[in-house]
Structures are given as C-alpha cells and as structure tokens.
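The values are calculated or read from the model by the stated rules, or taken from the named source; none is laboratory data. All values derive from a computational prediction rather than experimental measurement. So basically every Cβ, Gly included, is an ideal-geometry build from the backbone, and we count neighbours across all protein chains shown.
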Amino acid sequence: MNNNFKNIKDAQFCKSIDKLLSDGNIFLEKNLADLDISSYCYQISEAVNELSLEEEIINELIEDYIIQILKSTIIFYKHIEELKKNKKVPPMEELEVLNVHALRRIARSFDNFPIKGREISKANRTTILDYFKSIK
C-alpha cells in the first residue's frame, strides 16, 4: 500500500473511531434512558436464592466480574488514546493534491489542529495547508 495513502487512511481511521465513540454514547443515552436502571440495586439475596450459592461466593464473583469490566474498559480507552497519539500529519505532497473538503475532514481528525469547528469550515484550501505545515 502506498505510504502516503496509508497516512490519509490512518487519519480517517482515527476520525472514524472518534465518531464511533460519540455515536455509541448517543445510542446509549437515547435507547437505554427508558430502562431507568440508575437506581436499580442488585440484591445479593436474590442471587443466593436463584443460584443456590453462598453469599461469599456471589460477592467474589461480582467483584471479579466488575474488575474484568473495568480492566477491559481501561484497555480499550488506552488503545484509543494510543491510536490518537500515533496519528501523523500526512506528507505535504499528499495533502497538496486534495480538495478543500478532504483537507477539512482530515483537519478535523487532529486534536492539535490550530483551528476548530466553524473556522475549519470557513478556511480555504491554502489556509488549511498552511496550518498543516505549522503542526508538522
């Protein structure tokens, strides 16, 4: 695969990850809000009756389960942050052939891009290229 093309793909991949995380949060807020589980409290006595296990064993299982969920979540977010850190600005030769729309999309994928939001939308091609040169 052409290395220049790979850099654009990496920037697009990181942008896709950001969108996926955002979409996931929106989905959860929108679709699970009706469940009203924030006040739900699982009673150990329920598990003891349902599973016919001792309370101490149930507590250990719950603790292990929570630890595994937390570990998985931490590993996932560390991986996401690592992907973001390793994101490199594509070579100028690669950027210079792109139209302003593609440049704007790539610019938005960089947390350290000097301008944000509407400023990127209003910036012309030359301005965006100049900003990319400044963060190289």
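Residues that are closer than 30 Å to residue 133 by Cα, out of contact with any Cys (no Cβ under 7 Å at 6 or more places or on another chain), among the β-branched types (Val, Ile, Thr) and not assigned by TED's automatic domain parsing to the domain that holds residue 112 do not occur anywhere in the stretch 58-66.
Across the stretch 113-136, the qualifying residues are those that are closer than 17 Å to residue 15 by Cα and not β-branched (Val, Ile, Thr), and the one among them that is surrounded by the most Cβ atoms within 10 Å (Cβ to Cβ) is 132. Inclusion of residue 73 among residues that are over 20 Å from residue 20 (Cβ atoms) and hydroxyl-bearing (Ser, Thr, Tyr) is not warranted.
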